[in-house]
1. Mean separation of Cα pairs under 8 Å and 6+ residues apart, divided by the residue count of region 404-562: what relative contact order is that in percent?
2. Computed FRET efficiency, Cβ-Cβ of Thr348 and Glu62, R0 51 Å: what is it to the nearest 0.05?
3. Among the GluC sites (Glu not before Pro) in region 39-103, which ones are in a DSSP loop with at most 13 other Cβ atoms within 10 Å of the Cβ? Mind listing them?
4. Carbon and sulfur together cover what percent of the accessible area of the chain at a 1.4 Å probe radius?
5. Using alpha carbon centroids, what distance separates region 480-551 and region 352-381, in Å?
6. Relative to the present Cα-Cα distance, how much length would full extension add between Asp72 and His423 at 0.36 nm per residue of separation?
7. Ratio of Rg to Rh for the chain, alpha carbon only, Kirkwood?
8. With contacts defined as alpha carbon pairs under 8 Å and 6 or more residues apart, what's the relative contact order of the chain in percent?
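The values are calculated or read from the model by the stated rules, or taken from the named source; none is laboratory data. Predicted model, so just to flag it, every value in this text is computed and none were measured. Please note: Cβ atoms are built from the backbone with ideal geometry, for glycine as well, and neighbour counts cover all protein chains shown. When the accessible area is computed, the model is the full protein with side chains, heavy atoms only, and any ligands, DNA or RNA have been set aside. Shrake-Rupley method; radii C 1.70, N 1.55, O 1.52, S 1.80 Å.
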Amino acid sequence: MRLSNLLLHLIVTFPVFSLTKLIPSLLDATIDDLADLLDEGIVTSVDLVHAYISRINEVNDELHAIMEINPDAIASAHEADDERQLASHNGTPLGPLHGFPILIKDNIATFNNNNTAGSVCMLGAVIKTESPLVTRLRKAGAIILGKANMSEWAGARSGWTNATIGWSGYGGQCRAAYIKDQSPSSSSSGSAVAVSIGLAPVALGTETDGSIISPSDKSNLVGLKPSRGLTSRSGVIPLTHRQDTVGPMCKTVSDCARVLSVIAGKDAKDNYTSLQPFDIPPDYTRFLNASALSGVRLGIPWNMLDHIAEGKASWASPAQAQYINTVFNASLAILEEAGATLVSANYTFLNTTYDQFTSWRNGNTTITWQADMLSSIKFYLDDLKVRPPGINTIEDIINCTKHDPRERYPEVDMEFWDALLKHARPADSAEVWEAYQHSLRLAGDGAVFGAIDAYDLDALVLPSFPAFDMCATIGAPVITVPMGVFGDGINTTWDPRHELKWIAPGVPFGLSFFGKLWTEETLIGLAYAYEQKTNFRQKIKPVILPKSELLARSAAVFSDDL
């Protein structure tokens, strides 16, 4: 159901007594907060869904965070409330996400909504089955609220100089909310923006190279990119199976741990999940330990920060990098005070320079991504129950994109797709395999894994930019936690189209912990302990906010405009 067709009539019938003091603002309300309200009967899941839809309707024309509302969301909320009432009488246990609305990035397959990866050319496709992650969420009691906007084709459409960060033909230009005209930063844009201003308590995003960590970083959120293979990618419109992952984007580490515990697990349709070192993933909420920093060894790859401070990064000026490093150094002092031992753990890149590494890595990545995307999109189309009208091949998608005015071609180019058809090698070719193995050696033994082994580390820590960079290539886990905000006087950096602000005063940024495969429990503990020490997310607020708020069972929402 498109938002323009959704009319929500809300009648406030309950007076604003002291009950309002019991109910936190939806800007800050976490799953733990909402669980208390539901358990105590102060609100219902129907109230929650009404409230979140009202907030979406207030701001979506400006921020374009939400693609579609699930037309069954309210009916699902009624069902959840009935089950909760029954459970209160007979003691039936409820799922860990029972009655909580959750948003899903638009490249993750759900029934009752379109699944487009942001492309109008994918409208009308009918899936055979939902993503198993969505099925897991439903079994845990979650209510699928709708689909979040994203960079079209997860950012793999245009060249960098023409990049459409957060824009899609179907969803429009998503904007972050901490300053006016803020870039949402990478493809899980709608998921990040929606959670950051309380359009949902949590959302799922996907990451190939920074697309969970980067938008979480810029929207003052906790984002968790799991080890490749911890969560299934079946039912996700693919970019490359070598790097694609699905993970939660939340307000707190606790919420991320709760959601990850639900969505993690093996799936026969995704071979990478068979590599999990456990039959059943752990309950990650057990690792929420405020003392987790005590006694750990954390490595800092200073040469990565030096590279950025020297002005070699495309996304930050030397002054901006120095500002991040100053805040980062203050965070390191907090980590030490909490009992962590900090170790200098520079990347070796297997005896190459950083410039050589990035050149080789980017070249090898291009080879593998092109090969994988060419084959995986074909497989995705073939696996649909019903293909979109007139769409049977990748060439059909390209032709549609170039001729449908909603796709803004040639203003928004198709450099990646054009190169895909021209240069892609067969995915199973020796050249693609060699390129992939070379990338793994450089980013693994030459960077993340090599540093952890050489210095006997529990994890590595860096500002979230550039922490995710190496981890994307090797499939390693990363978690970002809010750390700071750019202050007055910092220069403004614009996105490649010079339409939205990438860095400017008021834009948040985060700290990331990352490590070896399957170490999510360690990273969650470290991130939680840091979060409890700093609580930075509460120190700044977005400048664009909806007014509707949750009140009480019969009230649904309260707005200053009602």
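1. 18 percent
2. 0.65
3. Glu40
4. Within the chain, the accessible surface is 52 percent carbon and sulfur.
5. Here the two parts' Cα centres lie 28 Å apart.
6. 122.0 nm
7. Ratio of gyration radius to Kirkwood radius for the chain: 0.95.
8. Relative CO of the chain lands at 20 percent.
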